[in-house]
Amino acid sequence: METSNEPNIKEWWKTAIVYHILPASFYDSNNDGIGDIRGIILKLDYLVQLGVNALWLTPVYQSPLFDMGYDISNYNEIDQRFGNLNDFKELLNEAHKRKIRIILDLVMNHTSIEHPWFQESKSSLISPKHDWYIWKSGKGKKIPNNWKSVLGGTAWEYSKNTRKYYYHTFFKEQPDLNWRNKDLQQEFFKIVRYWLDLGVDGFRLDAVNMIVKDKKFRNTPGLIAQLVLRKENYITRNRPKSFRIINMLREITDQYNDKLLVGEIYALPPGNPDLVASYLKGRYKGLHLAFDFSLIFNRWSARKYSRSIQASHKSIPITSWPCNVLSNHDLNRPLKNSLFEKRTDSKAKIKAMLLLTLKGTPFIYYGEEIGMRNANIPRRDLVDPLGKRFWPFYKGRDKSRTPMQWDSGPNAGFTKGVSWLPVHKDYLKRNVSYQLDQKNSILSFYQQLIEIRKSNIALQTGEWTPLIQGENNIMAYLRHNEINCALIIINFSKRNRIIELPLFSAANVLISTHRIRSEKIKLHSILIHPYEASLLQIVSC
């Protein structure tokens with residue numbers, strides 16, 4: 001049965017503002033150095049104050065935590081480092097009381113090597129679960145084919161028990177499931193129903209375009225072909241069967257009350273909007289939302305951002321809905337920690353304006369609202385196995401996973417224990433407590449923007465029409481419906497710019513980095529300040 005406090009608004013995700021939490025880094029309630037579910041409960045009122053109405057949690061299932069919980073050993077249990085099932089039920093109940101929804105991360109592509117399924121699968125060739133994973137005999141003493149892990153090197157690992165190789169898209173500690181096996185499908189869908197019955201509001205599907213591989217085990221295009229020639233990999237990902245599996249999952253979630261499926265569609269930089277959109281349309285009923293990382297991959301340029309937004313909107317079918325994201329737990333934060341990175345607070349506000357005024361559902365990564373930056377983590381403090389493996393050429397993902405900065409006390413108020421990752425050195429002023437008292441802070445800007453968005457139907461569900469698409473590093477666009485018209489103007493440059501918008505006579509300022517709220521400005525010729533971001537209400541649209 002679903003919890004009685006569950007909110008009920010049809011297609012709620014279209015107007016939602018989703019907050020992405022890495023539980024280990026959000027708030028530590030028991031001072032063991034790692035954030036936990038009870039820590040999230042204790043900070044729910046802050047999230048209400050911020051204005052978000054949905055939370056996406058990275059995995060909290062039982063796990064060895066080799067890869068931050070994306071190596072699951074039991075899908076039906078909460079890992080003791082994050083709490084227990086009663087804690088999670090309390091989180092659901094308390095969040096729903098506050099009209100905040102909970103989205104769980106669902107890892108369908110692989111499990112941990114410690115999962116009982118894999119232990120049984122590798123025990124014998126005649127095990128009933130042997131075919132639940134992807135096994136292949138070698139070619140003599142050679143690996144089965146050229147399939148590569150996305151982390152580098154071969155994706156095949158030899159098992160002495162079976163004298164065969166198992167396939168792993170990511171680390172060898174994360175063997176891939178065989179989604180062509182019907183018994184596996186049914187067992188996994190029981191897990192989905194288990195969490196839906198508890199009352200979760202949906203799932204973020206990790207690397208969901210990778211769940212099915214070519215059954216003929218044909219070779220993939222080389223990395224150069226994929227990166228330089230933009231030849232997409234349709235061998236170990238993006239298989240037609242994937243769409244049918246997603247549809248089967250959708251059929252299950254549609255039996256419940258308005259549940260969300262949002263998918264991570266893996267694509268190499270600079271992104272692939274057409275591929276992402278393909279998971280929203282087609283023969284089968286697909287995802288409700290799908291992440292396109294094109295904006296994350298872009299450099300600081302109004303023209304590049306405009307092109308990416310245009311491409312994304314062009315790809316998404318009219319019956320589907322976009323979502324927007326500027327960072328996450330795997331990729332860099334929007335703000336770098338670099339001597340060469342200037343005007344970071346101004347850029348943080350510009351990115352907030354983009355995220356919260358573009359058409360589509362915004363996803364805010366924890367700490368973005370206070371301008372948290374990538375951290376320089378010493379090698380001795382690294383936790384991410386990627387950083388340990390590729391240091392110093394690639395320093396891993398820990399830089400964007402540092403603890404939330406709550407106040408100016410020890411460990412930024414995250415824990416009274418020894419933090420699992422070092423806190424960023426800039427926490428004395430870049431923290432929640434400090435910025436709540438500063439009317440011009442990044443946090444205040446986020447709060448105001450969110451408040452305006454939630455009261456403005458045009459910003460929530462209106463159309464997006466570009467006006468200036470990067471000329472002189474200016475972006476301007478409309479969000480509009482039949483009765484309301486909002487104008488967004490953003491200057492990505494450090495220089496004053498003059499723009500002309502002769503289609504409209506005047507507008508009132510709703511929020512701006514440089515202008516007074518309710519100020520009326522004429523639009524036939526406007527001086528735009530360096531790094532200005534303004535949201536205006538057009539007087540007559």
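Values quoted throughout were computed directly from the atomic coordinates according to the rules given, and no laboratory measurement underlies them. Because the structure is a prediction, the values reported are computed rather than measured. Positions of Cβ are backbone-derived with ideal geometry, glycine not excepted, and every protein chain shown enters the neighbour counts.
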Sequence of SER315, SER294 once ranked by neighbouring C-beta atoms within 10 Å, starting from the fewest: SER315, SER294
Please report the net charge: other residues with Cβ closer than 11 Å to the Cβ of LYS164, K and R +1, D and E -1. +3
Over the Cα atoms of region 302-394, compute the convex hull volume and normalise it per residue, giving Å³. 143
What's the percent breakdown of Cα-Cα distances in region 202-355 across 10 Å bins, shortest bin first? 10, 35, 34, 17, 5, 0
Entries in LYS148/LYS231; LYS160/LYS395; LYS416/LYS439; LYS182/LYS285 that, when Cα-Cα distance is taken, lie over 22 Å: LYS160/LYS395; LYS416/LYS439
Taking the Cα of GLU77, stepping 7 Å toward and past its beta carbon, and measuring to each backbone N in region 49-69: which are under 19 Å? 59-69
Would you mind working out the magnitude of the charge dipole of region 116-167 relative to its Cα centre, with +1 at each Lys and Arg C-beta and -1 at each Asp and Glu C-beta, to the nearest 20 Debye? 300
What percent do you get for the relative contact order of region 116-167 when only Cα pairs under 8 Å and 6+ apart count? 33
What's the exposure ranking of ASP437, ASP206, going from fewest to most Cβ atoms within 10 Å? ASP437, ASP206
Can you compute the modelled spin-label distance between PHE189 and ASP437, with each label point 7 Å from Cα toward Cβ, in nm? 5.6
Cα-based equivalent ellipsoid of region 399-541: semi-axis lengths in Å, sorted from largest, via gyration tensor: 36, 17, 14
Loop sites in region 474-541: GluC sites (Glu not before Pro), DSSP, at most 15 other Cβ within 10 Å: GLU482, GLU500, GLU519
Give, in nm to one decimal, the length gained when the segment between ASN332 and ARG517 is fully stretched (0.36 nm per residue of separation minus the Cα-Cα distance). 63.3 nm
Show which aspartates and glutamates lie in cross-link reach of LYS141 when reach means a straight Cα distance below 20 angstrom and same-chain residues fewer than eight apart are skipped. GLU157
When the dipole is taken about the Cα centre of the chain, and only Lys, Arg (+1) and Asp, Glu (-1) are charged at their Cβ, what size is it in debye, to the nearest 20? 2140
Please work out how much length the chain gains when fully extended from SER455 to ASP407, using 0.36 nm per residue of separation minus the C-alpha to C-alpha distance, in nm with one decimal. 14.3 nm
When the convex hull of the Cα atoms of region 152-223 is projected onto a plane and the area is averaged over all directions, what value comes out in nm²? 6.8
Can you check how the C-alpha radius of gyration of the chain compares to 2.2 N^0.38 Å, as a plain ratio? 0.98
Residue list for region 315-336, given a label point 7 angstrom along the Cα-to-Cβ vector of ASP274 and an amide N cut-off under 16 Å: 315-317
Over 26 Å between Cα atoms: which of LYS10/LYS351; LYS10/LYS454; LYS89/LYS359; LYS172/LYS216; LYS259/LYS359 fall into that group? LYS10/LYS351; LYS89/LYS359
Working from the alpha-carbon coordinates of region 42-195, get Rg over Rh, Rh being the Kirkwood radius. 1.07
Which of SER301, SER505 has the fewest other C-beta atoms within 10 Å, and how do the rest follow up to the most? SER505, SER301
Diagonalise the Cα gyration tensor of region 116-167 and give the resulting equivalent ellipsoid semi-axes, square root of 5 times each eigenvalue, largest first, whole Å. 20, 13, 8
Inverse mean reciprocal Cα-Cα distance (Kirkwood Rh) of region 460-538, Å: 12.6
